[in-house]
1. Suppose we keep only residues that are within 24 Å of the chain's Cα centre (by Cα) and among the basic types (Lys, Arg) within the range 108-133. Which one would you say is nearest to ASP33 (Cα to Cα)?
2. Within the group ILE67, ILE106, ILE58, ILE89, which residue is surrounded by fewer than 16 Cβ atoms within 10 Å (Cβ to Cβ) and either at pLDDT below 80 or outside any loop (DSSP other than H, G, I, E, B) (or both)?
3. So ASP88 ticks every box in (1) in the same structural domain as GLU50 (by TED's automatic domain parsing); (2) of a type outside the set (Ser, Thr, Tyr); (3) under 17 Å from the mean Cα position of the chain (by Cα) but one. Which box is left unticked?
4. For the range 33-52, does any single residue satisfy the condition of being in a strand (DSSP E or B) and at pLDDT below 90?
5. Quick one: is VAL118 of a type in the set (A, V, I, L, M), assigned to a strand (DSSP E or B) and at pLDDT 85 or above?
6. List, please: which pairs have Cβ atoms under 9 Å, are six or more places apart or on different chains, and start with a residue in the range 94-110 that is hydrophobic (A, V, I, L, M, F, W, C) and end with one that is part of a loop (DSSP other than H, G, I, E, B)?
Amino acid sequence: MKRMTVKLSGLSVYNPIRYYASKGFCKFLVLYDREYFKNFNEDKMYLEREVQVRIVEIIDLIENKEIINDKEITGRAFKVKGKFGSRDIEVFVSIQGDEKNINEEISKLIKLKFGEEVEPDDKKIRKFLKERD
């Protein structure tokens, strides 16, 4: 059987919640690339309307503002408590990257671990990690 990889971006990152919540799962982690994140109000409306989650509470887990390359960056993480039908669910949302995506975070980890600069590019990161097993 051939495995298929599906990459979701933007608001579609929430779509699997509906399927898995209907199967009994109740906790979810959503890693969201900064380039697709606009504001959490849009996400809230999408979760309610499209995914059919009734939101009970939204908790800001991380709110830190810093200046990187003369641009204000807000690192954010949320915990969404909600209901899917009669089930209680929790959705942890983490906005990844300074400007674009999670590859920026991976590049920082490589710098901390190996002391080497690697561009935040999929191919370059994979090559670097492959060379070091």
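The values are calculated or read from the model by the stated rules, or taken from the named source; none is laboratory data. Please read these numbers as outputs of a predicted model, since none were measured by experiment. Because the Cβ atoms are built from the backbone with ideal geometry, glycine has one as well, and the counts that use them run over all protein chains shown.
1. Ranking the qualifying residues of the range 108-133, first place goes to LYS108.
2. One residue alone meets the criteria, ILE67.
3. In the conditions (1) in the same structural domain as GLU50 (by TED's automatic domain parsing); (2) of a type outside the set (Ser, Thr, Tyr); (3) under 17 Å from the mean Cα position of the chain (by Cα), ASP88 misses (3) alone.
4. Yes: the range 33-52 contains one or more residues that are in a strand (DSSP E or B) and at pLDDT below 90.
5. no
6. Every condition considered, the pairs that remain are ILE95/PHE37; ILE102/PRO120; ILE106/VAL118; ILE106/PRO120; ILE110/GLU116; ILE110/GLU117; ILE110/VAL118.
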